[in-house]
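Here the structure is laid out as structure tokens; the discussion comes afterwards.
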């Protein structure tokens with residue numbers, strides 16, 4: 001099974017700051033990577049698919065990049081509504097699909 | 001509007017069974033693979049099971065293989081998860097999610113608590 005290692009586990013940043021979350025796959029996943037945002041008490045929402053494609057309705061301050069085994073999610077100009085937990089997830093080939101452990105983003 | 005509504009969760013004793021349902025609307029259910037994903041209280045996301053659009057392909061996480069069964073009824077636009085031999089570690093919020101370039105749509109989840 002492909003393992004996903006996400007870092008950092010928690011992150012504190014100020015409004016307007018740029019933050020980056022990393023995800024490392026245990027093998028090449030050929031950009032088959034998604035990022036999700038989960039606000040407290042809510043279901044996860046898809047932000048990015050195929051490593052760098054923005055899902056409909058997602059603000060352009062979110063972006064994804066990476067290839068092979070290394071991927072990142074960048075949030076430009078952090079807003080208060082971005083306080084959430086973020087998860088990466090690989091969907092290469094066939095299941096089992098695996099998620100990263102999550103990154104809790106808080107305001108400083 | 002795509003909607004996924006889970007039901008069937010509740011409090012159940014260890015070793016007992018429970019069947020979850022997910023009613024889909026707002027899209028052609030029979031065209032999409034579907035998944036169950038769970039989240040233990042205060043924990044991360046764990047993929048549980050997947051089923052292809054025509055039920056030809058079915059996959060399970062090792063943690064539930066042999067105990068859980070995913071199925072679907074395309075005529076009723078409904079996804080199911082039959083859970084048997086439940087354990088305390090199965091306690092979680094269970095989401096159904098539609099498969100397409102990731103999990104683009106999620107339900108609100110149904111809570112399963114396994115406790116004596």
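The values are calculated or read from the model by the stated rules, or taken from the named source; none is laboratory data. Owing to the predicted nature of the structure, the values given are computational and were not obtained by experimental measurement. Virtual Cβ from ideal backbone geometry, glycine too; neighbours counted across all protein chains shown.
Summary of computed values
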{"quantity": "Qualifying residue in region A:73-85 (condition: in contact (Cβ under 8 Å) with a residue 24 or more places away in the chain, within 11 Å of chain B (Cβ to nearest Cβ) and either assigned to a loop (DSSP other than H, G, I, E, B) or surrounded by 14 or more Cβ atoms within 10 Å (Cβ to Cβ) (or both))", "calculated": "yes"}
{"quantity": "The lone exception for residue B:72 - which of (1) touching a helix residue (DSSP H, G or I) at 6+ places or on another chain (Cβ under 9 Å); (2) surrounded by fewer than 22 Cβ atoms within 10 Å (Cβ to Cβ) it fails", "calculated": "(2)"}
{"quantity": "2 or more residues within 14 Å of another protein chain (Cβ to nearest Cβ): qualifying strands (runs of 3 or more DSSP E) within region B:16-68", "calculated": "B:34-39, B:45-51, B:58-60"}
{"quantity": "Residues that are away from chain B (no Cβ under 11 Å) and assigned to a strand (DSSP E or B), drawn from region A:87-108", "calculated": "A:105, A:106, A:107"}
{"quantity": "Any chance residue B:99 is at pLDDT below 95 and touching a strand residue (DSSP E or B) at 6+ places or on another chain (Cβ under 8 Å)", "calculated": "yes"}
{"quantity": "Residue B:97, sole failed condition from (1) under 13 Å from residue B:32 (Cα atoms); (2) surrounded by 14 or more Cβ atoms within 10 Å (Cβ to Cβ); (3) over 11 Å from the mean Cα position of the chain (by Cα); (4) within 13 Å of chain A (Cβ to nearest Cβ)", "calculated": "(3)"}
{"quantity": "Subset of region A:55-72 (residues that are within 12 Å of chain B (Cβ to nearest Cβ) and out of contact with any strand residue (DSSP E or B) (no Cβ under 6 Å at 6 or more places or on another chain))", "calculated": "A:56, A:57"}
{"quantity": "Those residues of region B:69-94 which are more than 10 Å from chain A (Cβ to nearest Cβ), in contact (Cβ under 8 Å) with a residue 24 or more places away in the chain and assigned to a strand (DSSP E or B), in sequence order", "calculated": "B:70, B:72, B:78, B:79, B:80, B:81, B:82, B:83, B:92, B:94"}
{"quantity": "Residues of region B:18-27 that turn out to be farther than 14 Å from residue B:97 by Cα and over 11 Å from the mean Cα position of the chain (by Cα), as a count", "calculated": "1"}
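For every residue, the table says whether it meets (1) surrounded by 15 or more Cβ atoms within 10 Å (Cβ to Cβ); (2) under 11 Å from the mean Cα position of the chain (by Cα).
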position	(1), (2)
B:6	yes, yes
B:29	yes, no
B:32	yes, no
B:67	yes, no
B:85	no, no
B:89	no, no
